[in-house]
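This report concerns only the one structure given below.
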Amino acid sequence: MKYSEAVQHKKEALEKADESVLKSYHLIISPANTDESQKYIKAFLKDPEAFNDASCKEFCTDDEYEVVSFRKDEEEK
C-alpha cells in the first residue's frame, strides 16, 4: 500500500487496539520489501523514540509500505 494508505491503516488499528496491546507491542509503518523492512526495524529498535511514521520513507525504495506489529522488549514497557 502507499504511504498515505498505511498511515490510515495504522490510525484505524490504533483506535481499535486494546490498552494491553498498545503497552506490549510496537505498531509501525514499515517498507513492504522484506530486506528494507528488516533494516528499518533494526534501526528503529536501537532508539524507538527517535522515529516517527515518516522515518520509514528513508528505508523504502519503491513507495510500498505495510503496517506491522511486534512485541516490545521488557525494558521498553
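Kindly check whether there is at least one residue in the stretch 66-74 that is in contact with a Pro (Cβ under 9 Å, 6 or more places away or on another chain), modelled with pLDDT of 95 or more and not hydroxyl-bearing (Ser, Thr, Tyr).
yes
Restricting attention to the stretch 8-48, which residues are of a type in the set (Val, Ile, Thr) and surrounded by fewer than 16 Cβ atoms within 10 Å (Cβ to Cβ)?
Matches in the stretch 8-48: VAL21, THR34.
Quick one: in the stretch 49-64, which of the residues that are loosely packed, with under 14 Cβ neighbours inside 10 Å and among the hydrophobic types (A, V, I, L, M, F, W, C) is nearest to the chain's Cα centre (by Cα)?
ALA54
Considering only residues that are small (Gly, Ala, Ser) and part of a helix (DSSP H, G or I), which ones fall in the stretch 1-21?
Hits for the stretch 1-21 are SER4, ALA6, ALA13, SER20.
Quick check: is even one residue across the stretch 22-30 charged (D, E, K, R) and in a helix (DSSP H, G or I)?
Looking through the stretch 22-30, at least one residue is charged (D, E, K, R) and in a helix (DSSP H, G or I).
The values are calculated or read from the model by the stated rules, or taken from the named source; none is laboratory data. Bear in mind that the values here come from a model prediction, so they are computed numbers and not experimental data. Glycine also receives a Cβ, built like all others from the backbone with ideal geometry; neighbour counts cover every protein chain displayed.
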